[in-house]
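Peer 1: My structure is below; once you've seen it, I'll send some questions.
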Amino acid sequence: MVDIGVPTHRSFERAMIEMVPRLQAYCRRRVNDAATAEDLAQEILLKAFRGSAALRDETRLEVWLYRIAYGTVMDHYRRKPLTEAWLSEPAQASCPNNITAVMTYNVRCYLETLPRGYRDAVHLADYEGLPHAEVARRLGFSLAAAKSRVLRGRLMVKRLMEARCRFEYDRLGNVIGYQLRSACCSGEAG
């Protein structure tokens, strides 16, 4: 019988231990809170150990782990709406100028200025975490119309904010700084 690289228990454990720092760094780059990143890394390792029988080629271990990591991080963000994720993670830990709190306040402020159909759709989808199908049912829209209103409402808020402030983004698209063009809704400058 030919060995196709099926991992032995000992070699699998050793390879996993070597990957721990890289998985932790991967998670830290994708979430704002260090404690959450550590929890996600542990969850990834647990999933990997439980599913080790699914790995057939040890040379693909790193790719397999990053696939598990990607799914775990996406699941983390699916479990709670984006705005809830912003509010639950400590702003001081991730943003020295408390950008997260200012951004959250401004998003809510500008959201209130939108026409009702867009405002309600974004509120239900992003603040209450409802799926688009439920947003459509509650507002009496078709699914396509609900998705369109959520997307357009988000874009309207973004345009309003960008008209008032110049934003600085990191390589992942996260806001890391801002400067007023004119008076922002919150009246604060970063």
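Peer 1: Which length gain, in nm to one decimal place, applies between Leu151 and Arg116 when the Cα-Cα distance is subtracted from 0.36 nm times their residue separation?
Peer 2: 11.2 nm
Peer 1: Based on the Cβ-Cβ distance of Glu38 and Ser11, what FRET efficiency does E = 1/(1 + (r/R0)^6) give at R0 = 30 Å, to the nearest 0.05?
Peer 2: With R0 = 30 Å, the Cβ-Cβ based efficiency is 0.75.
Peer 1: First measure r as the distance between the Cβ atoms of Cys109 and Leu139, then evaluate 1/(1 + (r/R0)^6) with R0 = 25 Å and state the FRET efficiency to the nearest 0.05.
Peer 2: 0.70
Peer 1: Local charge sum around Ala41 (other residues, Cβ-Cβ under 10 Å, Lys/Arg +1, Asp/Glu -1)?
Peer 2: -1
Peer 1: Next question. Using unit Cβ charges (K, R positive; D, E negative) and no other charged atoms, how large, in debye to the nearest 20, is the dipole of region 9-79 about its Cα centre?
Peer 2: Around 180 debye, computed over region 9-79.
Peer 1: Could you sort the peptides 47-56, 28-37 by per-residue average Cβ neighbour count (10 Å cutoff), highest mean leading?
Peer 2: Listed from highest to lowest mean packing, they are 28-37, 47-56.
Peer 1: Here is a follow-up. Contour minus end-to-end for Lys158 and Glu62, with contour as 0.36 nm per residue of separation and end-to-end as the Cα-Cα distance?
Peer 2: The Lys158-Glu62 span can extend by a further 30.9 nm.
Peer 1: Using 0.36 nm times the number of residues separating Ile176 and Arg50, minus their current alpha carbon distance, what extension gain do you get?
Peer 2: 41.6 nm
Peer 1: Could you please report the charge total around Val107, scoring K, R as +1 and D, E as -1 over all other residues with beta-carbon less than 11 angstrom from its beta-carbon?
Peer 2: Summing Lys/Arg as +1 and Asp/Glu as -1 gives +1.
Where a number appears in this text, it was derived from the coordinates with a stated rule and is not lab data. Because the structure is predicted, anything quoted here is derived from the model rather than measured. Please note: Cβ atoms are built from the backbone with ideal geometry, for glycine as well, and neighbour counts cover all protein chains shown.
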